[in-house]
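The values are calculated or read from the model by the stated rules, or taken from the named source; none is laboratory data. This one's a predicted model, so the numbers in the text were calculated from it and none came from an experiment. Cβ: placed from backbone, ideal geometry, glycine included. Neighbour counts: every protein chain shown. We work out accessible area using only protein heavy atoms, side chains counted, and drop any ligands, DNA or RNA first. Shrake-Rupley method; radii C 1.70, N 1.55, O 1.52, S 1.80 Å.
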Amino acid sequence: MTDRPPLPPFTRETAARKVQAAEDAWNTRDPHKVALAYSEDSVWRNRGTFVTGRAEIVGFLTAKWAREQEYALRKDLWAFDGNRIAVRFQYECRDDAGQWWRSYGNELWEFDEHGLMTRREASINDVPIEEKERRIHGPRPEAEHGRNSPLQ
């Protein structure tokens, strides 16, 4: 099996790198690329949806990004311990009707010894916004890595 660094146990620096790598991958909106960060038998709870394994992750993300157009994400490290990381995040997207949304959420991540995520639990709330209220426009510039997102 190929390792996916950084590996647990995490330090503040390696946890922050893992979070930024996840943000960067999700902002590609490439379900196959994103799924490679998860173990073959990874389990997810995303809101009220339960997903198991890479194939289901790819299917879930494919459907998600078909609905959530112009998706752009920010993830911030919240806490870490051993092989676990807690993340808070925000993303913006628009739906088919043109309504913009900002989604706020928290994720709990657990990793195996190879640095693959074996468990992901996400709780997410959606807030309708006007296009002029958007503040997330594409991937985070490198100069802004490590900066926390504003609360609202």
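What's the angle, to the nearest 10 degrees (0 to 90), between helix 12-26's Cα axis and the longest principal axis of the chain? The helix 12-26 is inclined about 50 degrees to the chain. With both labels modelled 7 Å from their Cα along Cα-to-Cβ, the GLU131 to PHE50 distance reads 4.1 nm.
On the beta carbon distance between ASP96 and ARG147, with R0 = 30 Å, the FRET formula returns roughly 0.40.
Annotation: amide H-H contacts under 5 Å for ASN46 (H modelled 1.01 Å from N, sequence separation of 5 or more, or interchain): VAL51, ALA122.
Computed from backbone phi with θ = phi - 60° and the Karplus coefficients 6.51, -1.76 and 1.60, the 3J(HN,Hα) list for the stretch 103-111 is 10, 10, x, 10, 10, 10, 10, 10, 10 Hz; x is used for glycine and proline. Put simply, the amide H of TRP78, placed in the peptide plane, has neighbours under 5 Å in ALA86, VAL87, ARG88, leaving out anything fewer than 5 places away on its chain. In degrees, nearest 10, range 0 to 90: what is the angle between the Cα axis of helix 54-67 and the longest Cα principal axis of the chain? So the helix axis and the longest Cα principal axis differ by about 10 degrees. 3J(HN,Hα) along the stretch 140-147: 5, x, 4, 4, 9, 4, x, 7 Hz, from the Karplus curve 6.51 cos²θ - 1.76 cosθ + 1.60 with θ = phi - 60°, whole Hz, x for Gly and Pro. Rolling a 1.4 Å probe over the heavy atoms of the protein chains gives the chain an accessible area of 55 Å² per residue. Out of GLY98, GLY82, GLY59, any idea which swings most in a Gaussian network model of the chain, alpha carbons joined below 10 Å? Greatest mean-square fluctuation among the candidates belongs to GLY98.
Separation of the stretch 74-89 from the stretch 20-40 is 16 Å, based on Cα centroids. Close amide H partners of ARG119, meaning residues 5 or more places away or on another chain with modelled amide H under 5 Å apart, are VAL43, GLU110. Couplings 3J(HN,Hα) of the stretch 80-90, computed from phi: 7, 6, x, 9, 10, 9, 10, 10, 10, 8, 9 Hz, in residue order, whole Hz [Karplus 6.51 cos²θ - 1.76 cosθ + 1.60, θ = phi - 60°; x for Gly and Pro].
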